[in-house]
1. Which whole-angstrom value gives the distance between the alpha carbon centres of segment A:485-530 and segment B:87-163?
2. Using amide H atoms built 1.01 Å from N in the peptide plane, name the residues 5+ places from B:Y253, or on other chains, whose amide H lies under 5 Å from its own.
3. With angles folded into 0 to 90 degrees, how steeply does helix B:346-364 sit against the dominant principal axis of chain B? Use alpha carbons for both and round to 10.
4. Rounded to whole Å and sorted largest first, what semi-axes of the equivalent ellipsoid does the C-alpha gyration tensor of segment A:7-126 yield via the square root of 5 times each eigenvalue?
5. On a C-alpha basis, how far is the centre of segment A:82-119 from the centre of segment A:423-473 in Å? Whole number, if you could?
6. Given +1 on the Cβ of Lys and Arg, -1 on the Cβ of Asp and Glu, and no further charges, what dipole in debye does segment B:78-152 carry about its Cα centre, rounded to the nearest 20?
7. Based on DSSP H runs of at least 4 residues, each adding -39500 (n - 2.57), what is the mean residue ellipticity at 222 nm of chain A after dividing by all its residues, to the nearest 500 deg cm²/dmol?
8. What share of Cα pairs, in percent, lie more than 31 angstrom apart in chain B?
Amino acid sequence: MRLPSRSRLATAGLVGLAALIPLTVVVIFFVVPVVGMVGRGFFPDGELDVAGVADALLRPRVAHVVWFTLWSSSLATALTVLLGVPTAFVLYRLRFPGQALLRGLVTVPFVLPTVVVGVAFRTLLAGTGPLAFLGWDGTPAAIVAALVFFNLAVVVRTVGAHWEGLDRRREEAAAALGASPAQVLRTVTLPALVPAVVSAGTVVFLFCATAFGVVLTLGGVEYATVETEIYLLTTQFLDLQGAAALCVLQIVFVVVLLGLTRRVGQGSASVQRTSTAVRRTPAGRDVPALLVSALVVVAVAAPLVSLVVRSLRVDGSWSLEHYRALDGTTGVLSVPVTQALENSLRVAVDATLLAVVLGGTVAVLVTRRLRTPVARRAAATFDAVFMLPLGVSAVTVGFGLLVALDTPPLDFRGSPWLVPVAQALVAMPLVVRLLVPALRSVDERQREAAASLGAGTLRVLRTVDLPHARRALLAATGFAFAVSLGEFGATSFLSRPETVTLPVAVYQLVSRPGEDNFGAALAASVVLGLVTAAVVVLVERVRGGSLGGLS
Amino acid sequence: MLHHNRTGRHTGSRRGRTTALGALAGLGLALTSACSLESGADEGKSPTTVTLVTHDSWAVPEELVAEFEEESGYQLDVLPNGDAGEVTNKLVLTADNPLGDAVYGIDNTFAGRAVDEGVLASYTPSDGPASLADFALPGDGGDLLTPVDWSDVCVNVDDVWFRDEGIEPPRTLGDLTDPAYRGLFVTPGAASSSPGLAFLLATIAEYGEDGWEDYWRDLMANDVKLTSGWTDAYEVDFSAGPGGGDRPIVLSYSSSPPFTIPEGGSKPTTSALLDTCFRQVEYAGVLAGAENPAGAEALVDFLVSRDFQTALPDNMYVYPVDDEAPLPELWARWAPAAERPFQLDPEEVDAQRSDWLRAWSDLTGG
């Protein structure tokens with residue numbers, strides 16, 4: 001038993017200080033706006049009216065909407081994990097040519113504007129489309145399929161980054177002791193992956209539960225989720241009580257979900273990791289995993305190919321006309337699409353830096369071994385606060401920013417830098433989820449050993465944690481960049497005509513009449529997809545570079 | 001990533017640790033402020049700026065904005081805030097501390113709410129076009145909102161499809177419930193789309209408070225397809241849209257047909273049914289409590305000026321309220337307006353919208 005010394009107190013103070021920065025950002029730009037909006041629902045005329053909100057919660061439509069949200073998101077999450085884990089194995093544990101490209105490919109859907117992909121999906125599924133025979137148009141099947149399509153990248157990349165670094169020797173030892181490949185998988189590999197799978201699953205579930213464009217486009221008017229309902233109640237009905245009731249429900253979802261996953265995720269043992277990738281060429285026993293990933297690649301590529309093909313068709317013949325149109329002002333947009341791309345990249349750099357620094361700080365803090373239950377509970381709450389932006393409606397936050405941040409010193413309405421901050425808030429939970437499993441897998445004794453040899457907090461971070469989390473950190477950086485490039489919900493609320501980002505520009509193009517605008521929207525989406533894939537591939541190349549030198 | 005390298009040098013001593021964590025904290029702060037610096041830190045509204053709250057459809061050529069700025073001496077700051085409903089609701093929620101000085105984009109389906117909630121200050125341009133009066137908001141709000149543009153939301157048909165099938169296309173709202181057109185009509189839903197809402201209002205105007213629900217029952221029985229938005233209906237399901245869908249009747253605008261003139265062709269392949277139209281008028285106004293009311297008034301004047309009015313069709317796909325502003329040739333030729341569009345009193349729309357939408361949702365499963 002160690003007594004609290006001055007040095008321990010000082011460290012605690014510093015930890016508190018480090019916690020304060022991300023906390024301040026999330027409180028100002030998320031908690032205050034949400035409380036502001038929900039507050040308007042609870043205090044309709046300046047007086048607390050809990051009964052009004054409770055009544056709103058008991059409307060028959062609410063149960064219907066909540067049930068649909070829960071089952072469609074759960075099913076989509078389960079399917080995403082089932083398809084994503086074998087794909088992660090193939091793309092991160094095996095070695096074959098073209099692998100880097102495939103990793104880029106599966107990330108592309110994640111950033112594509114949902115409106116355009118929704119339209120692309122529907123063109124395949126509706127009346128005259130090649131997949132019309134499935135009868136999925138306007139059904140939950142189409143919604144779930146699209147949710148899986150969009151979110152596969154989260155599972156593949158989160159689990160992949162974790163799996164890639166797992167030391168193979170443990171599996172080899174089990175095999176040498178006579179375990180069959182299935183037994184090795186079940187008793188050694190999968191348990192080591194649990195934290196990453198749980199992390200990814202949590203994020204995917206929250207993305208699904210708050211999906212907006214996909215549900216509207218593919219579900220027609222028949223299927224409403226909590227998120228689409230909040231949008232309608234807020235923007236059309238101005239029914240703030242109803243919206244507040246649903247927003248509180250969303251918060252409860254997040255808290256319950258994190259409570260559940262914490263139990264599963266925490267029991268896992270620390271694992272040995274290697275700093276260099278150990279990949280092998282595919283063998284006969286990999287056939288099932290290869291088949292699943294082939295299916296995934298085809299399912300991901302089909303809508304993408306149809307998107308590319310359509311962007312190249314003009315009046316029945318092949319042409320680059322739609323791409324040539326991107327550098328001119330079309331009348332719909334105040335800036336050329338090329339300028340929108342530049343805006344997107346600029347904002348993405350800011351947002352990525354913010355998300356990685358703040359998310360990295362959070363991840364480090366919540367994975368410290370804590371000795372008292374109170375401290376552990378505090379850390380759990382701290383962790384949960386940063387997950388909330390994923391699970392709470394962008395409409396509520398968007399309106400809340402206007403309602404709550406309107407008086408100095410917090411008068412941020414219309415500030416151009418709200419865009420990167422909002423995107424960072426969406427990316428930060430992903431960064432945290434990607435880093436936490438890696439940091440948790442570090443054996444605490446290694447940290448203690450380093451500390452007892454005189455290493456300071458940061459040196460421990462650098463020499464013990466960083467080598468373990470290196471891949472996860474790279475993956476998180478790439479992912480944060482992708483989130484920012486593709487973010488639409490919050491960005492569309494906050495961007496200005498002269499600083500529109502690419503997804504916002506695509507949305508504006510696709511909502512106007514004329515084949516030219518539609519074609520330009522398709523071409524711009526393809527450009528967005530290509531840029532994302534390029535960034536992802538480039539970030540992967542960084543490994544073995546400067547960061548590798550540290551380990 | 002760099003900061004790991006740099007701060008990592010401070011190791012061992014207590015002082016080192018303190019400095020290192022402090023540096024991390026400092027970096028976070030510096031980063032936050034760096035972001036704001038990079039994108040321009042001008043937050044304070046000086047009286048030299050006029051801020052316009054508008055909808056996402058705002059698209060105005062740079063030269064026009066420059067013209068306004070030069071003539072008025074104010075710098076124009078544009079804040080797009082969603083569709084007409086979102087814009088109105090945001091103004092209502094921020095009435096105590098308005099988002100800007102002027103608003104443009106409140107339409108006649110939301111005007112009643114904006115007027116009743118007191119978010120607008122009285123202003124009427126002194127030398128606007130004479131035709132403004134034709135589009136003026138009826139009732140109390142006439143002095144609060146200035147009409148800027150309008151459009152007719154109409155049922156469109158794919159003429160080629162009907163010619164090929166040898167079927168006479170429909171003409172009226174009533175025709176759409178005719179079994180001859182079963183399964184041919186696609187429209188965006190009223191709860192999630194503003195043209196969808198306009199169509200619902202057209203049916204309410206035509207069939208009245210007591211009859212519209214029956215009409216919609218018949219429409220549903222005739223296998224109408226409902227999508228969430230205009231994009232979906234027109235670009236995927238409409239047989240003459242880019243997606244080449246299987247429905248030759250779609251809800252769109254009277255200005256849509258010119259966009260279906262094929263390359264090398266001389267006339268559109270679609271037409272608008274002018275007996276099915278609901279007229280949407282969009283208004284501008286000065287916000288109550290504006291910091292720069294003089295600038296806001298200058299801006300409203302600008303929105304009804306000949307130059308701005310002339311630019312409307314090509315940039316925002318709407319008709320100018322100034323009937324002397326020249327229309328693009330294709331519009332003049334192929335996009336005639338409805339002679340007798342359906343209209344409803346904005347006050348009534350505002351009072352009933354929620355009830356109508358709930359009843360509509362119950363009827364359609366939306």
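1. Centre-to-centre (Cα) distance: 26 Å.
2. Residues meeting the amide H criterion: B:C154.
3. 80 degrees
4. Semi-axis lengths for segment A:7-126 are 39, 31, 15 Å.
5. Cα centroid of segment A:82-119 versus Cα centroid of segment A:423-473: 26 Å apart.
6. It works out to roughly 140 debye.
7. -23000 deg cm²/dmol
8. I get 45 percent for the Cα pairs in chain B exceeding 31 Å.
The values are calculated or read from the model by the stated rules, or taken from the named source; none is laboratory data. Note that the structure is predicted; figures quoted are calculated from it, not measured. Here the Cβ is made from the backbone with ideal geometry for all residues, glycine too, and neighbour counts use every protein chain on show. All accessible areas refer to the heavy atoms of the entire protein, side chains included, with ligands and DNA or RNA removed. Shrake-Rupley method; radii C 1.70, N 1.55, O 1.52, S 1.80 Å.
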